[in-house]
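To keep things clear, I will list the structure first and then write my remarks on it.
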Protein chains: 2
Amino acid sequence: MAEIGIVHTQYFSLAEQGVESIVLESGVRFGPITVAFETYGKLNEDASNAILICHALSGDAHAAGYHERIGHKEGWWHAAIGPGKAFDTDKYFVVCSNVLGGCQGTTGPSSLDPATGKPYGVRFPVITIGDMVEVQFHLMRYLGISRWLAVAGGSMGGMQALEWALRYPKYVHASIVIASTGRLSPQSIAFNAVGRNAIISDPDWNGGDYYGKRVPEKGLSIARMIGHITYLSEHSMERKFGRKLQHKSEFSFDFSTEFAVESYLHHQGQKFVERFDANTYLYVTKAMDYFDVAQKYGKGNLKHAMARIQSRMLLLSFSSDWLFPPQQSQDLVDALAANRKDVTYFNIESSYGHDAFLLEVEKEEAIIQRFLDASGRLWKGGSR
Amino acid sequence: MAEIGIVHTQYFSLAEQGVESIVLESGVRFGPITVAFETYGKLNEDASNAILICHALSGDAHAAGYHERIGHKEGWWHAAIGPGKAFDTDKYFVVCSNVLGGCQGTTGPSSLDPATGKPYGVRFPVITIGDMVEVQFHLMRYLGISRWLAVAGGSMGGMQALEWALRYPKYVHASIVIASTGRLSPQSIAFNAVGRNAIISDPDWNGGDYYGKRVPEKGLSIARMIGHITYLSEHSMERKFGRKLQHKSEFSFDFSTEFAVESYLHHQGQKFVERFDANTYLYVTKAMDYFDVAQKYGKGNLKHAMARIQSRMLLLSFSSDWLFPPQQSQDLVDALAANRKDVTYFNIESSYGHDAFLLEVEKEEAIIQRFLDASGRLWKGGSR
């Protein structure tokens, strides 16, 4: 079958299911909530082939296919989702939704607060990875799915996959946690904090009320540039840019954007501000900072936390990922193994750094296919 | 003998030596130049015991002793300079000067441009590590020294030590290059570029003309925070902060400074803006970005570049330094060894990251003492 073609984002309101609001982990009751999502492939009769894909910090519901026309706005994981691909849409019904707090259709700080008729801004409540999963739970129900064959994601998407396995163990048959972690390290918190600081320090941020005015482009751009440095490995930067100058062969002796690596980061920053909301950046990075499964589910003990898990687990890390280094996956694997859980782990050799989860699709493909095949067989075999 | 007590910064004007201006590597002729420096210990009769200490990005001429009163404003390398210390002031005459482009007494962007009577701001010329060394050369002459027993420094100070050995091979008997590199990697350039971007994006930067007005505190603070992340290792952050919260035991669910690591970075940022000039940050990081000894002295070939060196070389790196990783020192050592140069190298086991060069003084001390002792003997032996 051909690749996935043109797709449309769909919308679902929790209120349609009678859920006017949900209680967030902070204790705050919040609603209404609308969810933007896309689906690829077909749900089978017994709804046993549904896979939820969770997106990373800057992702959205548009994981595969094209919006508007072929070649235009390809989904962020198009290489991994489609007929014959890692997530084979000839076999599986694949779902991806924009996270709570996002800015691509799901309710977030840029949404209108019905109480005021104005965007929430920082009146939007602080959320957690658990809250994102809670909203996805309602989407699952809405789609007529009583249990995911698999929940999968990379980076922050992997956090959601892990949270699903812990929060709703009976609703997940298999989990795929890629380039992720059970807790943000202080170094990652530090990078996030500096990024938020850059946004909040931008006068155009204006206490979060910038909608319809000048947006805090400079601050958000700096945050994105910091992020991008952490997504690449030193080796991949060396190979991609080295010390090459962007335009000239000689130093310009001024403060223009001079080295190719500077130019790349500028460009990434500029592209990002056109499509992403600065407040969402604040909320989503904060949710990541709070993520700590040992603390939340094991009173600080990772092994105790992992005891809750009932799904088959596949963990993938990448050798040159220094944002969420392989050791953080290994720690999860060790804790799962200590609980005699069904866990498979590959540390994939790659020089791409954290970005490898999006780039090394070929290396991921066979591993994921085999894991999903086995998961499907075990589901049918009624192993649980 | 007791430790170094109260010291005073001295000033020297190149014009006093008849040098009204110097030609910078950019080709620009620039002057007048004043240099702030301090000295510790006594120059011996044949001026054979003089050691130049070069400071890092945020350092200054105040390397040892105290300003005003004991306990007040200790020099940045006080632990390494003094009687019986790594740089033993009972034996050696130790000199440290603020770099060209600096903001602690040596001519820099905050200095008054005699042509306008106003601070230079970005009308100050873009400088290089070589230009910093050129100014130090005139200081050497002024002090009646015809050759340094040693030139030593860590981080950007190590770049200056290396540049000295390459630019003025006959004027340096021994070189000590600590936690440094022969070229800035694209990753380091990227971090510097984002820091500069944060400063330039701060409206208070005002095109560099902020003297006497609001200074770009927010931008400079962000730049410093980014820097600080790169100075620590993941391990040292984990040990120092972990995921500890600063004030509470529970999440605050707001955007206040919450984690201990955030609070530390904020504090470092705040302290820095009180003592450092944002324009100097721009100029000095740019000088670092330009640093590439293979390019400058070997047409891109590091071995060819190192052939120029005549001084004895000591290189030290630290195992957990990811800003200037050990491999970058190893590359220099290999190129020196390939030229059969007198080179000694230690990769010191440390968990402190790049900051180790300031913190692991005990581990550095014996190595440096032994190297300087031998260097002194070889000088007297008239080996060259």
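The values are calculated or read from the model by the stated rules, or taken from the named source; none is laboratory data. Since the model is a prediction, treat every value here as computed from it, not as a measurement. Using ideal geometry, Cβ is built from the backbone for each residue, glycine included, and neighbour counts are taken over all protein chains shown.
Here are the numbers for the structure shown:
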{"item": "Sole residue being assigned by TED's automatic domain parsing to the domain that holds A:N197, over 20 Å from A:C54 (Cα atoms) and among the small types (G, A, S), chosen from A:S350, A:S256, A:S320", "result": "A:S256"}
{"item": "From the options A:Y290, A:Y345, residue that is in contact (Cβ under 8 Å) with a residue 60 or more places away in the chain and among the hydroxyl-bearing types (S, T, Y)", "result": "A:Y290"}
{"item": "Leading residue by the ranking (farthest from the other protein chains (Cβ to nearest Cβ)) among those in the stretch A:244-258 that are assigned to a loop (DSSP other than H, G, I, E, B) and touching a helix residue (DSSP H, G or I) at 6+ places or on another chain (Cβ under 7 Å)", "result": "A:Q246"}
{"item": "Restricting the stretch B:193-217 to residues that are among the polar types (S, T, N, Q) and facing chain A (nearest Cβ under 9 Å), the residue that is nearest to B:Y283 (Cα to Cα)", "result": "B:N197"}
{"item": "Residues satisfying the stated conditions in the stretch B:1-23, i.e. in a helix (DSSP H, G or I) and more than 22 Å from the chain's Cα centre (by Cα)", "result": "B:A15, B:E16, B:Q17"}
{"item": "One residue from A:A150, A:A190, A:A115 being surrounded by fewer than 20 Cβ atoms within 10 Å (Cβ to Cβ) and not basic (K, R)", "result": "A:A115"}
{"item": "Residue that is over 18 Å from the mean Cα position of the chain (by Cα) and within 14 Å of chain B (Cβ to nearest Cβ), where the choices are A:Y120, A:Y92, A:Y142", "result": "A:Y120"}
{"item": "Output for the stretch B:17-37, where each listed residue is loosely packed, with under 15 Cβ neighbours inside 10 Å and either touching a Phe, Trp or Tyr at 6+ places or on another chain (Cβ under 7 Å) or not assigned by TED's automatic domain parsing to the domain that holds B:G65 (or both)", "result": "B:Q17, B:S21"}
{"item": "Unique residue being at pLDDT 95 or above, within 11 Å of another protein chain (Cβ to nearest Cβ) and surrounded by fewer than 22 Cβ atoms within 10 Å (Cβ to Cβ) when the list is A:A287, A:A294, A:A307", "result": "A:A294"}
{"item": "Total residues in the stretch B:91-107, condition in a loop (DSSP other than H, G, I, E, B), surrounded by fewer than 24 Cβ atoms within 10 Å (Cβ to Cβ) and touching a strand residue (DSSP E or B) at 6+ places or on another chain (Cβ under 7 Å)", "result": "3"}
{"item": "Residue selected from the stretch B:228-240 under the condition under 15 Å from B:S155 (Cβ atoms), within 10 Å of chain A (Cβ to nearest Cβ) and not hydrophobic (A, V, I, L, M, F, W, C), by the criterion surrounded by the most Cβ atoms within 10 Å (Cβ to Cβ)", "result": "B:S233"}
{"item": "Residue check, B:S175 in a strand (DSSP E or B) and in the same structural domain as B:G353 (by TED's automatic domain parsing)", "result": "yes"}
{"item": "Count - residues of the stretch A:278-294 that are within 12 Å of A:L166 (Cα to Cα) and not aliphatic (A, V, I, L, M)", "result": "1"}
{"item": "Residue within the stretch B:137-149 that is assigned by TED's automatic domain parsing to the domain that holds B:I368, under 15 Å from B:T34 (Cβ atoms) and assigned to a strand (DSSP E or B) present", "result": "no"}
{"item": "Residues of the stretch A:34-90 that turn out to be without any contact (Cβ under 8 Å) to a residue 60 or more places away in the chain and outside any loop (DSSP other than H, G, I, E, B), as a count", "result": "3"}
{"item": "Subset tally (residues that are small (G, A, S), closer than 30 Å to B:I145 by Cα and within 7 Å of chain A (Cβ to nearest Cβ)) for the stretch B:169-192", "result": "0"}
{"item": "Every pair of residues 6+ apart whose Cβ atoms lie under 9 Å, when the first sits in the stretch B:116-138 and is among the small types (G, A, S) while the second is assigned to a loop (DSSP other than H, G, I, E, B)", "result": "B:G121/B:P109; B:G121/B:S110; B:G121/B:D209; B:G121/B:Y210; B:G121/B:Y211; B:G130/B:L24; B:G130/B:E25; B:G130/B:F291"}
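Here's the yes/no breakdown for (1) in contact with an Asp or Glu (Cβ under 7 Å, 6 or more places away or on another chain); (2) acidic (D, E); (3) surrounded by fewer than 24 Cβ atoms within 10 Å (Cβ to Cβ):
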{"position": "B:M156", "(1), (2), (3)": "no, no, no"}
{"position": "B:M159", "(1), (2), (3)": "no, no, no"}
{"position": "B:W164", "(1), (2), (3)": "no, no, no"}
{"position": "B:S180", "(1), (2), (3)": "no, no, no"}
{"position": "B:N197", "(1), (2), (3)": "no, no, no"}
{"position": "B:D209", "(1), (2), (3)": "no, yes, yes"}
{"position": "B:K213", "(1), (2), (3)": "no, no, yes"}
{"position": "B:K218", "(1), (2), (3)": "yes, no, no"}
{"position": "B:M225", "(1), (2), (3)": "no, no, no"}
